[in-house]
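**Student:** Pasting a structure here, questions to come.
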Amino acid sequence: MRSVKQTAPYTATQNACNLCAPLGAALVFKGIANALPLLHGSQGCSTYIRRYMISHFKEPLDIACSNFGEDTAIFGGGANLKLALDNIRRQYHPELIGIATTCLSETIGDDVPMFIQAYKAAFQNACRDEQLPALVHVATPSYQGTHMEGFHGAVRALIQTLAGREAAEGPPAMNLFPGMVSPADLRHLKEIVIDFGLEATVVPDYSDTLNGPLWTEYQRIPEGGTPVNALRRAGAGVASLECGLLLAAEKETAGTWLATQFDVPLHRQGLPIGISQSDRLFDTLAAVSGKAIPQKYTDQRGRLLDALVDGHKHLSGVRVAIFGEEDLVAGLAAFCGELGIFPVLCATGGGRGRFADTVRKVMPDYCRDQMQILEDVDFVTIEKKLAEMDGEVDLLIGHSKGYTMSRRLGKPLIRVGFPVHDRVDGSRLLHLGYRGAQQLFDRIANTLIQVKQERNEIGYTYF
Amino acid sequence: MAKATSKLATESIKLENHDPEKIKARLLAKYPPKVARKRAKQIVVNKVDRDGKVPVISSNVRTVPGLIGQRGCCYAGCKGVVLGPTRDIINITHGPIGCGYYSWLTRRNQTDPDKAANGQASDGHNFMTYCFSTDMQDEEIIFGGEKKLKQAIQEAYDNFKPKAIAVFSTCPVGLIGDDVHAVCREMKAKLGINVFGFSCEGYKGVSQSAGHHIANNGIFTHVVGLDDTITAGKYRINLLGEYNIGGDAFEIERLFERCGITLVSSYSGNSSIDAFANSHTADLNLIMCHRSINYVAEMMETKYGVPWIKVNFIGAAATAKSLRKIAQYFDEEELTAQVEAVIADELPAVTAACEEIRPRTVGKRAMLFVGGSRAHHYQELFGELGIKTLSAGYEFGHRDDYEGRRVLPDIKVDADSRNIEELEIQPDPERFHPRIDEAKRKTLEAEGLGFSDYEGMMPEMPDGSMVIDDLSQYETDELIRIFKPDLFCAGIKEKYAVQKHGIPLKQLHSYDYGGPYAGFKGAINFYKEIDRMVNSRVWEYMQAPWEASPELSATYAWE
Ligand code: SF4
Ligand code: SF4
């Protein structure tokens, strides 16, 4: 067995393969209707994170900040947080403010829950005719976790702070925790759920807020997102579905919390990437809704398999390296296994010590024991590993930060996940369901054909 | 939606029949009284009096918590802006992963590693595509990060054998009390290369500006003056505050070369640490971005006697003027003739391009909110295209950048700025020599060459235009709704919010991945780019045929 659990030979990080925790939290809060994320710390973090997410989503994306100065750093940020909340309320009238800490406020040990308590109390005394926005706090010290921990932490905080059993109207609702996927993925998931006659509370849902049309009228906070009221009803959901193979091993998540507090049945699976995980999704939805899988989707599955049969020759035996978020990489690796592609290297900047086992479990026999599975690694380490495997890789699958590596190695990069800031379609990339699988398959096959075609001396036009 | 047809304003901008004071009141309406009072001092209606004096504008003050602004942090100014573009220094971010990650090749500084400083052989070093971080974990936050920092420096050295390593502290570092400077001294002694640190924690100062100052101090203390070799070439100058976004510095370098002007160093676009070390041997400092780099120029003048003048290579006329200033300073016929020949050779193509495009841009209205100098410089290019600037402001400028250096003695130093060290500089006992004598300086000044002077943005803007410091996102939205300008200039954070309204936004930090816009060739690029943006066919399709109703666009523009 060639796999190593922790291979980073260096102490320091050179070209990281993960981002910091408040980014994940801010993304989640962007997926709540009429909500505004607020980072509690100095302004650099919020500006950087805003700037960075905008380069991927190419959409308006406001993140407020409590703006620490040198004195705040010494004496604590309570007063700043209060002022920030006041100002946000007056400018934006949000229904929810999502407060994530930065390394600075975490290092000085600000007691944010206490600040929030005090703010609520003062508010109740002062303004009786105004509704206080919901205040949700998540601790996101980046020296303890990556953007994925920030993401899942914020989802959990939303549910733990808000979920109850307020009477639900309309068709039975289920809670859907899709993980960190693209706006196109979210749209597709919602379409699927609706086609099963279900109502879903998708947390988070930034399909509109971060991939919306041009405005015909002004929007202070972009339209869309999970309604706060829907979050309050999450405890009355008919079921919860939580996606992500690594997330499924977490002890306390939004899903487990709803299960223990409100007996909402929890279904857990990987991101529905590829055939078997998509099959699971549809099985679960059929079970929850009591309805058969709509013809539209059996057709999609059929067309996907038809394409795989016809296109298998292009993919079989191809060797890829996959990198990015742990759950995404695990999902993609499993899909590659289904396609006959050999993922020789799977890497993530996070992983929490569970990455290797999780990935290995979903791989077919032919490659399971010969894969390099790296967690908590940076790009310099990934590239070194690839260089050691000299010429054994045909293709890279991952996000834009892998571009320099792809350029140096002369291997094409199929862009997936986040961040994709060197292409125009970061928000529109579809990974999930049979349709997502179809698109991934098409992109991979076409890229391989293009390489073959370009290297061919004659220049065939049939493949 | 049809583009709003603008009524052209007369000479001094009338803001299209809006009362600027009313607009100001509207911008402030939603703020609590205390915040409104503070912001009121940062929103000013311009009025230039006879001797060029303008109203006071409050700037370089802390952004109010909860106002979503454009500014970054001290670390971003120090590592990201000033030191980032130097290809042969390994920059290690000491802190958790995010700060370093987000500043990893995000600015579009270009560099040419094959071109070594001062005719030396190139080592080909280019570390700009790397992001080195100590990636602090729990353990370091609790027990301190000096050990990990030492290892990081050692690893960077072992891997790349650089000439220099710089360390940048982020917020948590200041709190846990790591002594990065001691670590740097120790590693410098151990490795035998230059290793220096910056205490540029993000909470210091009020914006990137604090980081610029700290970077200037560090470079001056640790690098400038290390190499006294006077290299070959006539008319030896430094170009300060030019960061080579989109290849601007390459275009300026091209012009210098044609004119026979020798560039000793540039701070810090297309730069090398060797050139910094040697830069005190130049005979003149040219300042592009006054805000970010004037400290180095001032210190170099005090210590070594190198005078500085303000230049601007954004805009064809401004470029010609700046080249002429250099010739005026050196006052040699050969150079003057060459500068005039270059201008005469290059200007016709620029004028032709401008004349061709101008009919399609004249009368359009722009707003510029960006940086600490670009909001001023780019008004030149817009002027050439006949585009009016209705409103402008800086993200991190100080009063001197708005009102001119004449107000320097009146600037109150608040608590946020007091913490940024001012170095005490004395003339160097051996190496100080004034490049021109007092009499000559006086003569040149009488002829109109201003030394150590920058007049600021406001004296050059028409009366009645709105000058707004540290514009917030909320105010941006309001301005857009009130004026519906034809073009907005800011950065990527503002871009997509403005474009949602159907108004093009030109990024003046990254140039939307275009450029260069400096110099003569750059001006042509810019004219074409603005023509493309304001006259794109996409605006014709904004409204679907079934939506066509005139009321709609009216509500759109005026709420
Ligand atoms: S932690 Fe401090 S140094 Fe880092 S990005 Fe935030 S404000 Fe800047
Ligand atoms: S200090 Fe922490 S939260 Fe801020 S940018 Fe750095 S890693 Fe992210």
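**Student:** Tell me the angle of helix B:374-384 to the major Cα principal axis of chain B, expressed in degrees between 0 and 90 and rounded to the nearest ten.
**Tutor:** The angle comes out near 50 degrees.
**Student:** Could you work out the helix-only [θ] at 222 nm for chain A, with each DSSP H run of four or more residues adding -39,500 (n - 2.57) and the total divided by the number of residues, to the nearest 500 deg cm²/dmol?
**Tutor:** -14000 deg cm²/dmol
**Student:** Hey, another quick one. So what's the projected area for the stretch A:296-455, the Cα convex hull averaged over all directions, in nm²? Walk me through the intermediate numbers first.
**Tutor:** Numbers: hull surface 38.1 nm².
Spelled out: convex hull of the Cα atoms, projected over all directions, averaged, 9.5 nm².
**Student:** Please list, short to long, the whole-number percent of alpha-carbon pairs of the stretch A:21-151 in consecutive 5 angstrom bins beginning at zero.
**Tutor:** 2, 11, 22, 25, 21, 12, 5, 2, 0
**Student:** Let me ask you something else. Over all pairs of distinct alpha carbons, what does the Kirkwood formula give as the hydrodynamic radius of the protein assembly as shown, in Å?
**Tutor:** With all distinct Cα pairs of the protein assembly as shown included, I get 30.1 Å.
**Student:** A further question on this structure: If you project the alpha carbons of the stretch B:238-304 onto the principal axes, what extent comes out on each, in Å, largest first?
**Tutor:** Projected onto its principal axes, the Cα set of the stretch B:238-304 covers 30, 25, 19 Å.
**Student:** Another question, then. State log₁₀ I(q)/I(0) for chain B at q = 0.06, 0.07 Å⁻¹ as given by the Debye formula over alpha-carbon point scatterers of equal weight, solvent excluded.
**Tutor:** For the requested q values the scattering log ratios are -0.30, -0.41.
**Student:** Ignore the peptide's own chain and count Cβ atoms of other chains within 10 Å of each Cβ in A:95-105; give me the average, rounded. Could you put the intermediate results ahead of the total?
**Tutor:** On the way: counts 0, 0, 1, 0, 0, 0, 0, 6, 13, 10, 2.
Average neighbour count from other chains, rounded to a whole number: 3.
**Student:** I've got another one for you. Can you tell me the dipole magnitude for chain B around its Cα centre, using point charges on the Cβ only (Lys, Arg +1; Asp, Glu -1), in Debye to the nearest 20? Could you put the intermediate results ahead of the total?
**Tutor:** Numbers: 67 positive and 77 negative charges, 305 e Å.
It comes to approximately 1460 debye.
**Student:** Distance cut-off 20 Å, Cα to Cα: go down the list B:Lys364/B:Lys484; B:Lys115/B:Lys163; B:Lys30/B:Lys500; B:Lys310/B:Lys440; A:Lys385/A:Lys411 and report the pairs above it.
**Tutor:** Exceeds cut-off: B:Lys30/B:Lys500.
**Student:** Taking every eigenvalue of the Cα gyration tensor of the stretch B:33-93, multiplying by 5 and rooting it, what semi-axes result, largest first, whole Å?
**Tutor:** The answer is 34, 20, 7 Å, longest axis first.
**Student:** Quick check on the exposure proxy: order A:Phe177, A:Phe379 from fewest to most C-beta atoms within 10 angstrom.
**Tutor:** A:Phe379, A:Phe177
**Student:** Largest first and in whole Å, what are the equivalent-ellipsoid semi-axes of the stretch A:215-282 based on the Cα gyration tensor, each being the root of 5 times an eigenvalue?
**Tutor:** 27, 19, 11
**Student:** What residues have an amide H closer than 5 Å to that of A:Leu266, excluding those fewer than 5 places away on the same chain, when H is modeled at 1.01 Å from N in the peptide plane?
**Tutor:** Residues meeting the amide H criterion: A:Ser240.
**Student:** Give me the log10 of I(q) over I(0) for the stretch B:77-154 at q = 0.11 Å⁻¹, as the Debye formula computes it from C-alpha points; what are the numbers?
**Tutor:** Normalising to I(0) and taking log10 leaves -0.35.
**Student:** What does the average come to when, for each residue of peptide A:72-78, you count the partner chain Cβ atoms lying within 10 Å of its Cβ?
**Tutor:** On the way: counts 3, 8, 3, 0, 0, 1, 0.
Partner Cβ neighbours, averaged per residue: 2.
**Student:** If the only charges are +1 at each Lys and Arg Cβ and -1 at each Asp and Glu Cβ, what is the size of the charge dipole of the stretch A:21-151 around the Cα centre, to the nearest 20 debye?
**Tutor:** With Lys and Arg at +1 and Asp and Glu at -1, about 300 debye.
**Student:** Could you rank the peptides A:324-332, B:409-417 by their average count of other C-beta atoms within 10 Å per residue, with the highest value first?
**Tutor:** Top to bottom by mean Cβ count within 10 Å: A:324-332, B:409-417.
**Student:** How big is the dipole moment of the protein assembly as shown about its Cα centre under a simple scheme where the beta carbon of each Lys and Arg is +1, that of each Asp and Glu is -1, and everything else is neutral? Debye, nearest 20, please.
**Tutor:** Details: 112 positive and 128 negative charges, 291 e Å.
It comes to approximately 1400 debye.
**Student:** Place the peptides B:148-161, B:249-262 in order of packing, highest mean first, counting for every residue the other Cβ atoms within 10 Å and averaging per peptide.
**Tutor:** Working: B:148-161: 19.1, B:249-262: 20.7.
Descending mean neighbour count gives B:249-262, B:148-161.
**Student:** To continue, here is another question. Could you line up B:Cys171, B:Cys131 from fewest to most neighbouring Cβ atoms inside 10 Å?
**Tutor:** On the way: B:Cys171 29, B:Cys131 25.
In increasing order of surrounding Cβ atoms, one gets B:Cys131, B:Cys171.
**Student:** Report the rotationally averaged projected area of the stretch B:74-205 based on its alpha-carbon convex hull, in square nanometres.
**Tutor:** Average projection, Cα convex hull of the stretch B:74-205: 8.0 nm².
**Student:** With unit charges on the beta carbon (Lys/Arg positive, Asp/Glu negative), name the residue among B:Asn244, B:Val498, B:Thr86 whose Cα is farthest towards the positive pole of the charge dipole of the protein assembly as shown.
**Tutor:** The residue sitting farthest along the positive end of the dipole is B:Val498.
**Student:** Go through B:Ala76, B:Gln154, B:Ile141 and say which Cα lies farthest out towards the positive end of the charge dipole of the stretch B:74-205; charges sit on Cβ, +1 for Lys and Arg, -1 for Asp and Glu.
**Tutor:** Going by the charge dipole, the pick is B:Ala76.
**Student:** Put +1 on the Cβ of each Lys and Arg and -1 on the Cβ of each Asp and Glu in the stretch B:110-217; which of B:Thr170, B:Val206, B:Thr111 then has its Cα farthest toward the positive end of the dipole?
**Tutor:** It is B:Thr111, whose Cα lies furthest towards the positive end.
**Student:** On a straight-distance basis, which lysines could pair with A:Lys291 in a cross-link, Cα separation under 23 angstrom, same-chain partners fewer than 8 positions away excluded?
**Tutor:** List returned: A:Lys190.
**Student:** Another one. Figure the gain on full extension for A:Val238 and A:Gln370 (residue separation times 0.36 nm, minus the Cα-Cα span) and round it to one decimal in nm.
**Tutor:** 43.3 nm
**Student:** Now for a different question. So what's the projected area for the stretch A:173-289, the Cα convex hull averaged over all directions, in nm²?
**Tutor:** Here the figure is 7.8 nm², rounded to one decimal.
**Student:** If the viscosity is 1.002 mPa s and the temperature 20 °C, what translational diffusion coefficient in µm²/s does Stokes-Einstein give for the stretch A:95-209 when Rh comes from Kirkwood over Cα pairs? Write out the running numbers ahead of the final one.
**Tutor:** Details: Rh = 16.5 Å.
This corresponds to a translational diffusion coefficient of 130 µm²/s.
**Student:** Mind checking the alpha-carbon convex hull of the stretch A:255-330 and giving the volume per residue in Å³?
**Tutor:** Residue-normalised Cα hull volume stands at 105 Å³.
**Student:** Can you tell me the relative contact order of the stretch A:21-151? Whole percent, Cα pairs under 8 Å, sequence separation 6 or more.
**Tutor:** 38 percent
**Student:** Could I ask something else about it? Give me the inter-chain shielding for A:60-68: mean count of other chain Cβ atoms within 10 Å, whole number please.
**Tutor:** For peptide A:60-68, the averaged partner shielding equals 6.
**Student:** Let me ask something else about it. Could you tell me, in Å, what Rg and Dmax come out for the Cα atoms of chain A?
**Tutor:** 22.6, 81
**Student:** Apply the membrane-span-like helix rule to chain A: whole DSSP H runs, Cα extent along the own long axis of at least 15 Å, mean Kyte-Doolittle hydropathy at least 0.0. List the helices found. If you can, show how the numbers build up before the last one.
**Tutor:** Details: long enough: A:43-57 (21 Å, -0.32); A:78-92 (21 Å, -0.61); A:112-126 (21 Å, 0.41); A:147-162 (22 Å, 0.32); A:183-195 (18 Å, -0.08); A:274-289 (22 Å, 0.26); A:295-315 (29 Å, -1.06); A:326-339 (20 Å, 1.07); A:433-455 (33 Å, -0.76).
Span-like helices, by this rule, are A:112-126, A:147-162, A:274-289, A:326-339.
**Student:** Ranked from highest to lowest mean number of other Cβ atoms within 10 Å per residue, what is the order of the peptides B:421-428, B:306-313?
**Tutor:** On the way: B:421-428: 12.0, B:306-313: 23.8.
Ranking the peptides B:421-428, B:306-313 by packing returns B:306-313, B:421-428.
**Student:** I want the antiparallel fraction of DSSP beta bridges within chain B, as a percent rounded to 5.
**Tutor:** The antiparallel fraction comes to roughly 15 percent.
**Student:** So for the pair B:Ile411, B:Glu424, with labels modelled 7 Å out along Cα→Cβ, what separation do we get in nm?
**Tutor:** 2.2 nm
**Student:** For the protein assembly as shown, what proportion of DSSP beta bridges, expressed in % and rounded to the nearest 5, is antiparallel?
**Tutor:** About 10 percent, rounded to the nearest 5.
**Student:** Round to a whole angstrom and tell me the spacing of the C-alpha centers of the stretch B:38-74 and the stretch B:349-406.
**Tutor:** A separation of 18 Å, based on Cα centres.
**Student:** Continuing with this model, one more query. Over the Cα atoms, compute the radius of gyration (one decimal) and Dmax (the largest Cα-Cα distance, rounded to a whole number) for the stretch B:365-505, in Å.
**Tutor:** 19.4, 61
Bear in mind these aren't lab numbers, they're just calculated from the coordinates by the rules spelled out. Being a predicted model, the structure only gives us computed values, none of them experimental. Cβ sites come from the backbone with ideal geometry, for glycine too, and all protein chains shown count toward neighbours.
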